[in-house]
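Here it is, the structure in full.
The values are calculated or read from the model by the stated rules, or taken from the named source; none is laboratory data. Just so it is clear, the model here is predicted, and its values are computed rather than measured. As a convention, Cβ positions derive from the backbone with ideal geometry for all residues, glycine included, and neighbour counts pool all protein chains shown. Ligands, DNA and RNA are stripped out before the accessible areas are found, and what is left, the full protein with its side chains, is counted by its heavy atoms. Shrake-Rupley method; radii C 1.70, N 1.55, O 1.52, S 1.80 Å.
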Amino acid sequence: MENILELENVTMQFGGVVAVNNLSLKVGKDEIVALIGPNGAGKTTAFNCITGVYEPTNGAINFNGRRIIVNTPQAKMRKLYAGEHKSLYAKEKVLSPTPDEITKMGIARTFQNIRLFKSMSVYDNVLTAMHLRARQNVFSATFRLSYKEERRMRAETEELLKEQNLYEVRNEIATSLPYGKQRRLEIARALATRPKLLLLDEPAAGMNPQETQELASFIKEIKDRYALSIFMIEHHMDLVMNISDRIYVLDFGSLIAEGSSEEIQRNQKVIDAYLGVKEDV
């Protein structure tokens, strides 16, 4: 299977604390892959490294067949570094794109805590994201030659809102929507950037069982409709087991298991990580 995302030996260290340790994983094209683990395992930190929020201390990330992020311990971190493969990437040029540059490459994400533009309408939240892909420049904007581009973006915004069943509430303030619709709007805004890979950080957080079930169907639907690969962090195991093609498990920043839903459910290391290990007396 062709991979759209590859993490190679990614380590994220804050001072003397290793939050993510030597993480290597792959997301195949057209796959739904889940990253699970107890609270504090390093899942969101890994997402932040992928999306340019953090510059990893060490390691490399490939997207859609090319290297997009690479780093090696530098300055004081050369002495403090507690991870593996300290010198593996020392000869490579450091690549550290910003979050907006990562988004333009085709990676979009949502957040555990919904981050909508609170004072904007539903419509304007999506339209703002559309501008990331605007085909215009300083010349066209100065001489008002971009009206066709603006009209195109508005038409695509309306179409996307209709597809996501949000058109009827397009003029409402985003944060006035029910929680489930706010989640749907955040995903719609991410889709407006035309991603190839969508990262979902706990999309079912705060949802009741019925909303979680609807979310599972929604994720499958957008994957097929928009030809997406999806990489998600999630604590709702029913959702994870229901829709994931493969699952990776983190514990204390390190990968402890990977496999299918059935394999993960039977894995004793995973069971111990979630339930704890009984100590000998």
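Counting other Cβ atoms within 10 Å of each Cβ, which trypsin sites (Lys or Arg not before Pro) in region 59-95 have at most 16 and sit in a DSSP loop?
Listed in order of number, the matching sites are K76, K86, K91, K93.
Using +1 at the Cβ of each Lys and Arg and -1 at the Cβ of each Asp and Glu in region 90-237, identify which of L166, A204, V94 lies farthest towards the dipole's positive end.
Looking along the dipole axis, the top candidate is V94.
Still on this structure, I have one more. Pull out the extension gain between M120 and D238, defined as 0.36 nm times the separation in residues minus the alpha carbon to alpha carbon distance; nm, one decimal.
Stretched fully, the M120-D238 segment lengthens by 39.1 nm.
Moving to a separate point now. Using DSSP, restrict attention to beta bridges with both residues in the chain and report what percent are antiparallel, rounded to the nearest 5.
60
For the chain, set up a GNM with springs between Cα atoms under 10 Å and report which of P56, P38, P195 has the largest fluctuation.
P38
Another one. Can you compute the helix-only [θ] at 222 nm over the chain? Use -39500 (n - 2.57) per DSSP H run of at least 4 residues, normalise by all residues, nearest 500 deg cm²/dmol.
Numbers: 11 runs with 101 residues, N = 281.
My calculation for the chain gives -10000 deg cm²/dmol from helical runs alone.
Let me ask something additional. Just need the relative contact order of the chain here, percent rounded to a whole number, with Cα pairs under 8 Å and 6+ apart.
Averaging sequence separation for qualifying contacts and normalising by length gives 25 percent for the chain.
Ordering Y89, Y226 by accessible area with a probe of 1.4 Å, largest first, what comes out?
Correct descending sequence by accessible area is Y226, Y89.
Now, a different point. Given a Förster distance of 45 Å, report the FRET efficiency between A82 and E214 from their Cβ-Cβ distance, rounded to the nearest 0.05.
Plugging the Cβ-Cβ distance into 1/(1 + (r/R0)^6) gives 0.55.
Report, in debye and to the nearest 20, how large the dipole of the chain comes out about its Cα centre when Lys and Arg carry +1 and Asp and Glu carry -1 on their Cβ. Spell out each step's value before the answer.
Numbers: 37 positive and 36 negative charges, 264 e Å.
Magnitude of the dipole: close to 1260 debye.
Lysines near K148 by alpha-carbon distance under 17 Å, same-chain residues fewer than 8 away left out - which ones?
none
Taking amide H positions as placed in the peptide plane 1.01 Å from N, state which residues far from A257 in sequence (5 or more) or on other chains have amide H under 5 Å from it.
V249
Run the simple label-point estimate for L132 and S260 please: 7 Å along Cα→C-beta, distance reported in nm.
Here the answer is 3.4 nm between the modelled labels.
Something else: Check the straight Cα-Cα distances from K91 and name the aspartates and glutamates below 20 Å, setting aside those fewer than 8 residues away within the same chain.
E6, E8, E55
Still on this model: For the chain, what is the accessible area per residue in Å², given a 1.4 Å probe and the full set of protein chains?
Per residue, the chain has an accessible area of 51 Å².
Got a sec to turn the phi values of region 246-258 into Karplus ³J(HN,Hα) couplings, 6.51 cos²θ - 1.76 cosθ + 1.60 with θ = phi - 60°, whole Hz, x for Gly and Pro?
Per residue, the Karplus-derived 3J(HN,Hα) values read 9, 9, 10, 10, 9, 8, 6, x, 10, 6, 10, 6, 8 Hz.
Among the listed pairs K29/K220; K43/K162; K26/K104; K43/K223; K181/K223; K26/K220, which have their C-alpha atoms separated by more than 24 angstrom in this model?
The answer is K43/K162.
Oh, and also: Please state the relative contact order of region 195-279 as a whole percent: Cα pairs under 8 Å, 6+ residues apart?
Averaging sequence separation for qualifying contacts and normalising by length gives 24 percent for region 195-279.
Between D245 and R154, what is the label-to-label distance in nm when each label sits 7 Å out along the Cα-to-Cβ direction?
3.9
Quick one: go through region 23-41 and flag any residue whose amide nitrogen is under 20 Å from the point 7 Å out along the Cα-to-Cβ line of E92.
Only 23-29 pass the distance filter.
Distance between the C-alpha centers of region 104-130 and region 199-214? Whole Å please.
Between the Cα centre of region 104-130 and that of region 199-214, the gap is 18 Å.
Sticking with this structure for a sec: Restricted to Cα positions, what overall size does the chain have along the principal axes? Three whole-Å values, descending.
So the three principal-axis extents are 69, 47, 36 Å.
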